[in-house]
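The next block holds one structure in the form of structure tokens; read it before the comments.
The values are calculated or read from the model by the stated rules, or taken from the named source; none is laboratory data. The shown structure was predicted, so the numbers you read here are calculated from the model rather than taken from an experiment. Note: ideal-geometry Cβ built from the backbone for every residue, glycine included; neighbour counts use all protein chains shown.
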Amino acid sequence: MKYGEKEISEFCVEKDLEVWENRHKKNYTIKISLPEFMCLCPRSGYPDFATVMIEYIPDKYVVELKALKLYINSFMKRYISHEDSSNEIFDTLHDKLKPKHLKVIVDFNPRGNVHTIIEIDSKKLQC
């Protein structure tokens with residue numbers, strides 16, 4: 001197993017998704033695009049590819065980017081639906097960062113004549 005495969009396969013979101021202290025008190029927006037998301041369809045096993053777009057206004061914490069990359073790559077061999085993967089990413093970042101605002105958009109590549117875009121915005125949640 002090559003070192004990247006080992007890092008991804010051993011990634012544990014609870015201990016490895018590192019967050020750093022936000023040293024800035026003003027409101028500012030962080031936008032991150034991860035264009036190589038992949039997971040496996042839970043029904044067929046076919047790969048699903050997507051671009052994950054994350055936008056947030058940090059409060060006390062920001063996410064460390066290499067840890068975020070490994071987290072996103074950890075979905076690669078998981079059988080998980082579009083809806084479940086998108087909501088898991090949102091919930092994980094929301095719980096870890098506790099941002100002032102968070103929006104996650106996952107734009108899945110078309111497969112079988114179906115194009116799915118999942119958008120979750122903390123401003124629109126009724127939780």
Exercise. So which of Ile54, Ile8, Ile32 ends up being in contact (Cβ under 8 Å) with a residue 24 or more places away in the chain and assigned to a helix (DSSP H, G or I)?
Worked result: Ile8
For this session: Go through the stretch 68-127 and count every residue that is under 14 Å from Ala50 (Cα atoms) and among the acidic types (Asp, Glu).
Result: 4
Problem set entry | Matching option when the condition is within 19 Å of Asp107 (Cβ to Cβ) and either in contact with a Pro (Cβ under 6 Å, 6 or more places away or on another chain) or surrounded by fewer than 15 Cβ atoms within 10 Å (Cβ to Cβ) (or both), among Tyr28, Tyr56, Tyr3 | Tyr56
For this session: Taking Arg111 as meeting all but one of (1) out of contact with any strand residue (DSSP E or B) (no Cβ under 9 Å at 6 or more places or on another chain); (2) surrounded by 12 or more Cβ atoms within 10 Å (Cβ to Cβ); (3) modelled with pLDDT under 95, write down the number of the exception.
Result: (1)
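Take the residues of the stretch 37-51 that are more than 16 Å from His115 (Cα to Cα) and without any contact (Cβ under 8 Å) to a residue 24 or more places away in the chain: which is surrounded by the fewest Cβ atoms within 10 Å (Cβ to Cβ)?
Kept after step one, since they are more than 16 Å from His115 (Cα to Cα), are these residues of the stretch 37-51: 42-45.
Subsequent filtering for residues that are without any contact (Cβ under 8 Å) to a residue 24 or more places away in the chain retains 43-44.
Details: Arg43: 8, Ser44: 11.
Selected residue: Arg43.
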Problem set entry | the stretch 75-108 - residue that is charged (D, E, K, R) and assigned to a helix (DSSP H, G or I) and, of those, surrounded by the fewest Cβ atoms within 10 Å (Cβ to Cβ) | Asp95
